[in-house]
1. Please specify each residue of segment 237-250 satisfying the condition of being surrounded by 14 or more Cβ atoms within 10 Å (Cβ to Cβ) and within 18 Å of residue 114 (Cβ to Cβ).
2. Has segment 164-178 got any residue that is surrounded by 24 or more Cβ atoms within 10 Å (Cβ to Cβ), small (Gly, Ala, Ser) and more than 13 Å from the chain's Cα centre (by Cα)?
3. Let me confirm something: among 313, 364, which residue is open to solvent by less than 20 Å² (accessible area, probe 1.4 Å), away from the ligand (no atom under 13 Å from the Cβ) and within 30 Å of residue 400 (Cβ to Cβ)?
4. Looking at residue 293 and the list (1) more than 30 Å from residue 440 (Cβ to Cβ); (2) away from the ligand (no atom under 16 Å from the Cβ), which single condition is not satisfied?
5. Going through 429, 405, 414 one at a time, which residue ends up being under 30 Å from residue 261 (Cα atoms), within 16 Å of the ligand (Cβ to nearest atom) and touching an Asp or Glu at 6+ places or on another chain (Cβ under 6 Å)?
6. Condition first: outside any loop (DSSP other than H, G, I, E, B) and over 17 Å from residue 202 (Cβ atoms). Now tell me which residues in segment 163-179 satisfy that.
7. Given the conditions (1) open to solvent by 50 Å² or more (accessible area, probe 1.4 Å); (2) closer than 30 Å to residue 93 by Cα, and given that residue 278 satisfies all but one, which numbered condition is not satisfied?
8. Would you mention how many residues in segment 170-194 are within 7 Å of the ligand (Cβ to nearest atom), within 30 Å of residue 22 (Cα to Cα) and among the charged types (D, E, K, R)?
Amino acid sequence: MNLQNITADKLVGLYKNRDLTATEVITSLYEDIERTDKDVHAFLSICRERALEEARRLDARIASGEPLEPLAGVPVAIKDNMTIRDMTTTCGSRILENYVPPYTATAVERLRSAGAIVVGKTNCDEFAMGSSTENSGFFVTRNPHNLDRVPGGSSGGSAASVASGTSVIALGSDTGGSVRTPASFCGVVGIKPTYGRISRYGLVAFASSLDQIGPIAKSVRECAQALEVISGFDHFDSTSADISVPEFVKDLDRPIKGIRIGVPKEYFVAGLDAEVRAKTEAGMRIYEDLGCTLHEISLPHTEYAIATYYLIATAEASSNLARYDGVRYGLRVDNSSLQDMYRRTRHSGFGQEVKRRILLGTYALSAGYYDEYYLKALKVRTLILRDFQKAFEQVDIILTPTSPTVAFKIGEKTGDPLSMYLSDIFTITQPLAGIPAISVPCGKNSENLPIGLQLMGNHFEEALLLSVAHHFEKAGGFTV
Ligand code: GLN
């Protein structure tokens, strides 16, 4: 059985009709992992015994005719920067190689309560810092569509697992594109919700004012199902929003005729790959055919986004990562003095990119530079937010490419951090503004590599965003 063509709904239907047992599905899924993951390397760890145990329990409940939860027996994969009690959480870092947290992230807990079965933890760039999953402290994940290409990052393992059928839904985290870029490179759907929509409890902090968990799946519908389950206030995270969670799934088919779609001119500039541009424009035509109207808009501060993001994200990271000192978590390289122990632990535990960011962030926050860099970045962040607020007075949704290119070659950008940072150009303004954004497949290029279309909505407008994406997927024939 190949899960590549099976959606969560279909799977639950097969269980209900007794056409398949969860035990059969989970058993065959681990055979698939064994077969394909030696090439793709999506997983950092798996939990076969526990998953099989949960599957057997579910089968017994099905046999006794108990009602099923919405995601009963649906195999899910979790990015390894979210905690699960009694399973290692490495964040793709050697410094946490053996760290076993005593608690489970709220989002994971909620997926489980909805019946999902966790099958493993997925590879990512170290502490989610990267756009290609090449910064993992363990190994590189490869793109299932072409093993010489990156899967995108930093949630590359999650997207690659969904695309290769070794999970049906996966969780990623998105600070500056880390759910949407891998979704676009791997030909699947990924949504970064509004900041505060999902609890960050148990998500290891990279840049706390930007980080947000998001689901990745083969269809918008499955993303909506997962989002509905994991959203909502959590008293363990004071930044989670105390507002009601709409019924995203029920809302998917709402009519979208007359929806105003904004196309920002700043996103169609030099550096945008010609085939990506062509597919994005074809996507606009699909919306016109669906009765939506297109409007050119302007987001004038887009050109400052990369600089702003890489100041704020590194500043917050330098502070968040100070806790990995060899005393409380993970790795400790013992030495004669305390100073030496700190130094050696951090020297050998962190990879190059993480060290670079700690240095950049510490610099931006240091006396004399704080006003010049960090404070200025905060001000530009407000201007970027205002760009969106103005735009959403004129339009309901904003449409852009997800990434300026398709998946690049492994190794192509590792020697040049700036070119890696620049590849994030379309996915960093939304976390800076806190708004939701989704990447949906919109075709492939001449080399058969997937291209993603990005849609953004106003704060807490995920229901509209998902339905607009769902109609696109159906009309364009991009369904599973
Ligand atoms: N590529 C961006 C970075 O390296 C975004 C990462 C993310 O969203 N976690 O910071």
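1. 240, 245, 246, 248, 249
2. Checking segment 164-178: at least one residue is surrounded by 24 or more Cβ atoms within 10 Å (Cβ to Cβ), small (Gly, Ala, Ser) and more than 13 Å from the chain's Cα centre (by Cα).
3. Being open to solvent by less than 20 Å² (accessible area, probe 1.4 Å), away from the ligand (no atom under 13 Å from the Cβ) and within 30 Å of residue 400 (Cβ to Cβ) holds for just one of 313, 364, which is 364.
4. (1)
5. Numbers: 429 fails: touching an Asp or Glu at 6+ places or on another chain (Cβ under 6 Å); 414 fails: under 30 Å from residue 261 (Cα atoms).
Of the residues listed, the single one that is under 30 Å from residue 261 (Cα atoms), within 16 Å of the ligand (Cβ to nearest atom) and touching an Asp or Glu at 6+ places or on another chain (Cβ under 6 Å) is 405.
6. 163, 169, listed by residue number.
7. The failed condition is (2).
8. Residues meeting the conditions: 0.
The values are calculated or read from the model by the stated rules, or taken from the named source; none is laboratory data. If you're wondering where the values come from, they're calculated on a predicted model, not measured in any experiment. Cβ sites come from the backbone with ideal geometry, for glycine too, and all protein chains shown count toward neighbours. With ligands, DNA and RNA removed, areas are computed over all heavy atoms of the protein, side chains included. Shrake-Rupley method; radii C 1.70, N 1.55, O 1.52, S 1.80 Å.
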